1. What distance in nm lies between label points placed 7 Å from Cα along the C-beta direction at residue 469 and residue 274?
2. Given the peptides 508-515, 97-104, arrange them by the average over their residues of other C-beta atoms within 10 Å, most packed first.
3. Treat each spin label as a single point 7 Å out from the Cα along the C-beta direction, and report the residue 98 to residue 156 distance in nm.
4. Could you please put 464, 118, 374, 156 in sequence from largest to smallest accessible area, using a 1.4 Å probe?
5. In whole Hz, what ³J(HN,Hα) sequence does the range 488-500 give by Karplus (6.51, -1.76, 1.60; θ = phi - 60°), x for Gly and Pro?
6. For the residue pair residue 119 and residue 342, what label-to-label distance in nm results when each label sits 7 Å from Cα along the Cα-to-beta-carbon direction?
7. How would you rank 341-350, 440-449, highest first, on the average number of other Cβ atoms within 10 Å across their residues?
8. What is the extension gain from residue 415 to residue 191, computed as 0.36 nm multiplied by their sequence separation minus the C-alpha to C-alpha distance, in nm to one decimal?
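The values are calculated or read from the model by the stated rules, or taken from the named source; none is laboratory data. All of these numbers come straight from a predicted model, not from anything done at the bench. Cβ: placed from backbone, ideal geometry, glycine included. Neighbour counts: every protein chain shown. Remember, those area values only see protein heavy atoms, side chains included, never the ligands or the DNA or RNA. Shrake-Rupley method; radii C 1.70, N 1.55, O 1.52, S 1.80 Å.
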Amino acid sequence: MFFWLLLQLYPSNLRLLLWSRLEKMSDEDEAPVVKKARIFYGSLEEKEKERLSREGISAAARDAVKAGIEAGNINISSGESMEMEERVSERQAEVLAEFERRKRARQITVSTDDVEVKACLRALGEPITLFGEGPAERRERLRNILSVVGPDALKKSKKEDEKAKRTHEYQQTWYHEGPSFLKEARVWLAKYSLPRAVERLDAARAHKEIPESTRTVKQQELHKALRNVNNFCSQIGDDRPISHCQFSPNSKLLVTASWSGLCKLWKVPDCTLVRTLRGHNTNVGAISFHPQATLTLEESDVNMASCAVDGSVKLWSLDSDEPVADIEGHSMRVARVAWHPSGRFLGTTCYDNSWRLWDLEIQEEILHQEGHSKGVHDLHFHPDGSLAGTGGLDAFARVWDLRTGRCIMFLEGHHKEIYSINFSPNGFHLATGSGDNTCKVWDLRQRRCMYTIPAHENLVSSVKFQPNDGHFLLTGAYDNIAKVWTHPGWSPLKTLAGHEGKVMGLDLSPDGQLIATCSYDRTFKLWMSE
């Protein structure tokens with residue numbers, strides 16, 4: 001209304017001019033409607049009827065068309081249509097993609113530190129600098145690369161580098177500078193182990209010369225005896241769970257360690273209590289016989305060694321219920337103690353990520369060896385006395401050469417902690433038990449895992465080869481059972497079921513007659529072939 005009154009004030013010719021201008025401006029403000037091409041399919045009945053009516057077709061012609069429709073010669077449709085999509089050329093798509101890339105590049109934040117820019121380029125696998133390129137051009141190149149591969153690519157590469165770095169740290173070995181008497185001990189170990197290795201190899205050659213039929217018969221007799229193994233004796237050993245057990249070298253005594261802090265000496269096979277060893281104030285992790293105890297050692301000599309959660313290590317005789325001596329130096333939990341085959345050295349594993357070797361003749365610690373990234377749980381010495389195997393909570397095991405101090409083999413394959421490690425008497429097989437419910441058998445000659453035994457349904461707490469020949473393997477686990485496996489072949493021979501709690505330790509008597517298992521249910525059981 002206002003514009004109409006305003007136009008009345010102007011002459012007629014000017015009013016017409018202004019009105020045309022206003023209409024033109026309103027037309028320009030409205031967005032043009034984009035008409036899309038349409039494809040019609042089927043018949044165009046309505047269009048055809050209009051055409052016929054316009055051309056004045058006679059009634060006869062219309063009747064003819066109607067008859068054709070009824071006869072099905074002329075297709076009828078409801079006028080469906082399909083819109084044609086606008087096809088974009090490849091060139092246009094490339095241009096749009098380039099615009100999108102530039103838009104992403106403007107939104108990416110890149111560091112102004114040239115050193116950091118070079119590090120990012122190196123992480124992405126790109127050259128850190130080009131000929132004639134300055135810091136600004138390098139920064140812009142990094143931004144363009146990130147706009148193509150995405151900013152997450154740099155984060156992924158950093159994560160991969162950190163993972164590789166952690167793996168390298170796990171495989172890294174530390175060596176401490178040892179005292180002067182460590183060299184003397186290494187020389188002594190070499191002189192001790194080499195003749196034993198020669199004897200072992202001679203025995204292996206002699207065994208190979210035995211006819212295969214004879215060896216097969218002996219193996220079948222052994223397997224038959226193992227299948228007939230049954231529970232011979234069950235004894236309540238303490239008021240708390242029994243964590244460890246071991247036979248004496250003459251197979252007439254069994255020693256047990258308990259979480260009550262007590263260690264007990266039993267006569268087997270009648271399970272009569274001989275002596276209670278009192279000295280620890282907390283959970284005892286392990287107790288072990290000297291290799292010559294009950295054979296050549298006097299009862300008043302050091303015949304046993306034990307360790308506890310508080311880091312204490314104690315030495316025991318057979319004629320007293322009090323410790324003969326204490327070994328001090330551990331600040332954290334000591335999980336296992338193991339005697340060297342010579343009886344001169346004692347090994348201990350500690351949760352401070354190290355294991356130690358003690359020379360009892362000079363009463364000194366001669367080796368403090370790190371190498372694991374977490375606590376070391378188990379330790380076992382090679383039958384020759386030349387090597388030591390350690391298993392850690394970092395899921396790795398290591399084989400150490402005691403004569404040189406080097407880590408000669410890194411055992412990687414378990415997914416969880418390694419709780420037990422044991423060398424076979426043949427000298428080249430090694431078994432490890434882990435929290436991933438498996439037992440792996442490694443070949444030291446081929447430096448690889450030769451077989452993985454899906455042994456149990458819970459944590460494997462202990463593994464043990466037959467002491468004399470290694471013709472079978474024994475495993476115990478937290479699924480309350482122990483199992484006997486053939487060697488080689490690794491097929492199950494017998495399941496030792498009877499405990500009501502976790503099997504925490506096991507052992508085989510040196511004479512091959514008895515198997516002992518100890519459990520969280522506070523009992524230990526003896527198993528014998530009928």
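1. 2.8 nm
2. Working: 508-515: 19.0, 97-104: 11.5.
Ranking the peptides 508-515, 97-104 by packing returns 508-515, 97-104.
3. 2.7 nm
4. Working: 464 45, 118 70, 374 105, 156 130 Å².
Result, largest first: 156, 374, 118, 464.
5. My calculation for the range 488-500 gives x, x, 6, 9, x, 9, 7, 10, 9, 10, x, 6, 9 Hz in order.
6. Placing both labels 7 Å beyond Cα along the Cβ direction yields 4.9 nm.
7. Working: 341-350: 21.3, 440-449: 15.9.
Packing proxy ranking, top to bottom: 341-350, 440-449.
8. On the way: separation 224, 0.36 × 224 = 80.64 nm, distance 3.78 nm.
This chain segment gains 76.9 nm when fully extended.
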